[in-house]
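Chemist: Sharing a structure, written as structure tokens. Questions coming.
The values are calculated or read from the model by the stated rules, or taken from the named source; none is laboratory data. Note that the structure is predicted; figures quoted are calculated from it, not measured. A quick note on method: Cβ atoms are made from the backbone with ideal geometry, for glycine too, and the neighbour counts reach across all protein chains shown. SASA here: full protein model, heavy atoms, side chains in, ligands and nucleic acids out. Shrake-Rupley method; radii C 1.70, N 1.55, O 1.52, S 1.80 Å.
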Amino acid sequence: MNAIPDVQLPAVSVIMPVLNEERHLRGAVQAILAQEYAGEMEVVIALGPSTDRTDEIAAQLVREDPRVHTVPNPTGRTPAALNAAIKASRHPIVVRVDGHGMLSPGYIETAVRLLAETGAQNVGGIMHAEGENDWEHAVAAAMTSKIGVGNAVFHTGGQAGEAETVYLGVFRREALEQQGGYNEEFIRAQDWELNFRIREAGGLIWFSPELKVSYRPRPSVKALAKQYKDYGRWRHVVARYHEGSINLRYLAPPAAVCAIVAGLVVGAALHPLGFVIPGGYLAAIVLGSIPAGKGLPLKARLQIPVALATMHMSWGWGFLTSPRSLARKVIASRRPAVLSPTG
């Protein structure tokens, strides 16, 4: 196959929202700068009010490479950071990367090719969770298993094709500007919500297993529980804001929470048979953790059921307790802030 002449490759802006990312920021940026992409590239880091060495590391990266720039994000909110970085960037292709995400080699070149081949407005691939200790290995196994996340192809892999949403994403700038960027009221689930609007406007979202971003899981049970509670909470807001955006996969965790609580109440107050439901759930996640933990150390395998239960129960609880006031705030804003072209 003949190589595409360099002059035909579009320039790319990589945007990165960061907050307290001293552990992974340098590695994430180095994975971007190491991409073998012949077109022009810039990296725009949106700096939240970090309490660790994130700002210091970002300043070092700016000094080391002229392609790296920073922009302030005083709110610390992810969608505000993304919009600030988009506004400060210049190029027609916008690549989203998180401060704890590591692009695989060839990611940007492959994504640009897929945008051209499919005509999609956004392309993305697999959120490849990788741990650095036993607990993180357990969470990574849970996050890449069907018992953990259902049939979400960007977690578990699958065939290339049209998708509801993708992990992070590589966008045509025109699509972002048409939609006014991310809705800054969505503290979480902003990717899903933006992709829903793009699809509603007739745009194509495309998943490809050729694209992979390594992801570092949360380092503790508490942090994982908060992450998944927020996921569930804000996914319910999306459902209230966009009618028809919910499906059975998203209803499974809240249904499981209700069934387990009911079983415990019945078992404790009325009849021991009530314990069949929570007991059955416990057995299911223990059995499901066996194939999920294949090849991992014993300590990691033993923690997979804890990770699964934390993810399921926290997501379900967040969905069930999501206050209607959040949806009212989102609906009151109706539209995200308009992004003006800067280049």
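Chemist: So, Ile205, is that one open to solvent by less than 10 Å² (accessible area, probe 1.4 Å), in contact with a Lys or Arg (Cβ under 9 Å, 6 or more places away or on another chain) and within 30 Å of Gly119 (Cα to Cα) or not?
Modeler: Details: open to solvent by less than 10 Å² (accessible area, probe 1.4 Å): yes; in contact with a Lys or Arg (Cβ under 9 Å, 6 or more places away or on another chain): yes; within 30 Å of Gly119 (Cα to Cα): yes.
Spelling it out, Ile205 is indeed open to solvent by less than 10 Å² (accessible area, probe 1.4 Å), in contact with a Lys or Arg (Cβ under 9 Å, 6 or more places away or on another chain) and within 30 Å of Gly119 (Cα to Cα).
Chemist: Of all residues being in contact with a strand residue (DSSP E or B) (Cβ under 6 Å, 6 or more places away or on another chain) and not in a strand (DSSP E or B) in the range 97-106, which is surrounded by the most Cβ atoms within 10 Å (Cβ to Cβ)? Just the residue, please.
Modeler: Checked the range 97-106; the qualifying residue surrounded by the most Cβ atoms within 10 Å (Cβ to Cβ) is Gly99.
Chemist: Which ones in the range 107-121 are of a type outside the set (A, V, I, L, M, F, W, C) and either crowded, with 16+ Cβ neighbours inside 10 Å or in contact with a helix residue (DSSP H, G or I) (Cβ under 7 Å, 6 or more places away or on another chain) (or both)? Write out each step before concluding.
Modeler: The first filter runs over the range 107-121 and keeps only residues of a type outside the set (A, V, I, L, M, F, W, C), leaving 107, 109-110, 113, 117-119, 121.
Matches in the range 107-121: Tyr107, Glu109, Thr110, Arg113, Thr118, Gln121.
Chemist: Using the structure shown, decide if Ala85 is farther than 20 Å from Arg218 by Cβ and either touching a residue at least 40 places away in the same chain (Cβ under 8 Å) or out of contact with any Pro (no Cβ under 8 Å at 6 or more places or on another chain) (or both). Before you say what the answer is, go through the steps one by one.
Modeler: Details: farther than 20 Å from Arg218 by Cβ: yes; either touching a residue at least 40 places away in the same chain (Cβ under 8 Å) or out of contact with any Pro (no Cβ under 8 Å at 6 or more places or on another chain) (or both): yes.
When the stated conditions are applied, Ala85 passes them.
Chemist: Have a look at Leu308, Leu302 and point out the one that is at pLDDT 95 or above, more than 24 Å from Tyr250 (Cα to Cα), among the aliphatic types (A, V, I, L, M) and in a helix (DSSP H, G or I).
Modeler: Working: Leu308 fails: more than 24 Å from Tyr250 (Cα to Cα).
Just a single option satisfies the conditions, and that option is Leu302.
Chemist: Scanning the range 188-202 for residues that are within 24 Å of Asp230 (Cα to Cα) and hydrophobic (A, V, I, L, M, F, W, C), which turns out surrounded by the most Cβ atoms within 10 Å (Cβ to Cβ)?
Modeler: Per the criteria, the residue is Leu194.
Chemist: Now for a different question. Identify, from the list Lys222, Lys212, the residue that is at pLDDT 95 or above and either in a helix (DSSP H, G or I) or of a type outside the set (A, V, I, L, M, F, W, C) (or both). Before the answer, list the steps.
Modeler: Values: Lys212 fails: at pLDDT 95 or above.
Going through Lys222, Lys212 in turn, the sole match is Lys222.
Listed here are the residues, each with its yes/no results for (1) under 23 Å from the mean Cα position of the chain (by Cα); (2) part of a strand (DSSP E or B).
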| position | (1), (2) |
| --- | --- |
| Ala46 | yes, yes |
| Val62 | no, no |
| Val71 | yes, yes |
| Gly76 | yes, no |
| Ala81 | yes, no |
| Lys87 | yes, no |
| Val95 | yes, yes |
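Chemist: Ok, one more. Being touching a residue at least 12 places away in the same chain (Cβ under 8 Å), in a helix (DSSP H, G or I) and either in contact with an Asp or Glu (Cβ under 7 Å, 6 or more places away or on another chain) or not β-branched (Val, Ile, Thr) (or both) is true for just one of His128, His137. Which residue is that? Don't jump to the end; show me each part of the working.
Modeler: On the way: His128 fails: in a helix (DSSP H, G or I).
Within the list His128, His137, the selection yields His137.
Chemist: Have a look at Ser245, Ser145 and point out the one that is out of contact with any Leu (no Cβ under 7 Å at 6 or more places or on another chain), modelled with pLDDT under 90, open to solvent by less than 60 Å² (accessible area, probe 1.4 Å) and within 29 Å of Gly295 (Cα to Cα).
Modeler: Of the residues listed, the single one that is out of contact with any Leu (no Cβ under 7 Å at 6 or more places or on another chain), modelled with pLDDT under 90, open to solvent by less than 60 Å² (accessible area, probe 1.4 Å) and within 29 Å of Gly295 (Cα to Cα) is Ser145.
Chemist: Same structure again: Can we say Leu224 is touching a residue at least 60 places away in the same chain (Cβ under 8 Å), crowded, with 22+ Cβ neighbours inside 10 Å, closer than 30 Å to Ala160 by Cα and in contact with a Phe, Trp or Tyr (Cβ under 7 Å, 6 or more places away or on another chain)?
Modeler: Working: touching a residue at least 60 places away in the same chain (Cβ under 8 Å): yes; crowded, with 22+ Cβ neighbours inside 10 Å: yes; closer than 30 Å to Ala160 by Cα: yes; in contact with a Phe, Trp or Tyr (Cβ under 7 Å, 6 or more places away or on another chain): no.
So Leu224 does not fit the description; no.
Chemist: For the range 19-32, does any single residue satisfy the condition of being within 18 Å of Pro92 (Cα to Cα), open to solvent by less than 70 Å² (accessible area, probe 1.4 Å) and outside any loop (DSSP other than H, G, I, E, B)?
Modeler: Yes; the residues of the range 19-32 include at least one that is within 18 Å of Pro92 (Cα to Cα), open to solvent by less than 70 Å² (accessible area, probe 1.4 Å) and outside any loop (DSSP other than H, G, I, E, B).
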